[in-house]
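The values are calculated or read from the model by the stated rules, or taken from the named source; none is laboratory data. Just so it is clear, the structure is predicted and the values come from calculations on it, not from any experiment. No Cβ is skipped: glycine too gets one built from the backbone with ideal geometry, and neighbour counts run over all protein chains shown. Please note that ligands, DNA and RNA were not included when accessible areas were found on the heavy atoms of the full protein model with its side chains. Shrake-Rupley method; radii C 1.70, N 1.55, O 1.52, S 1.80 Å.
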Amino acid sequence: SLEDALRREVLEESGVTVVECDYHSSQPWPFPASLMLGFTARAEHDELHYGDELEHAAWFSPEQLLAAVRSGEIRLPPGLSLSSRLLEDWYEARTGRSSDELFQPA
């Protein structure tokens, strides 16, 4: 299933065991006949392990992410991307505020 593929990929690339996941949305992928699929997920633990495909990973609270964006430590993806939509929904669900503050310059 797609959910099993997500669990396998997340475990292989980050060492994180996904215990719950839900499909969010999709977008075209630049390879022929391919899609990028977006999910939300809950991890069993917060320990990260880097594999061959992942150079860096980190956990952020909404406040930490906002501070990292404003300081220039993190650049967010373009607004039309699936990753941007995932971040918008995640931020708004956790803060009750518009994600515009995350994607707009301070």
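Numbers for the structure displayed
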quantity	calculated
Karplus-derived 3J(HN,Hα), 6.51/-1.76/1.60, for each residue of the range 13-22, Hz, glycine and proline x	8, 10, x, 8, 8, 8, 9, 9, 8, 9
Helix-derived mean residue ellipticity, 222 nm - over the chain, DSSP H n ≥ 4, -39500 (n - 2.57), to 500	-11500 deg cm²/dmol
Angle in degrees between helix 82-95 and the longest Cα principal axis of the chain, rounded to the nearest 10	60
Carbon plus sulfur fraction of accessible area for the range 6-54, probe 1.4 Å, in percent	53
Principal axes of the chain: Cα extent on each, largest first, Å	40, 33, 26
Pairwise FRET efficiency - A67 versus A93, Cβ, R0 = 25 Å, nearest 0.05	0.85
The chain, accessible area per residue, ligands and nucleic acids excluded (1.4 Å, Å²)	71
Built amide H within the under 5 Å cut-off of H24, gap 5+	G38, F39, T40
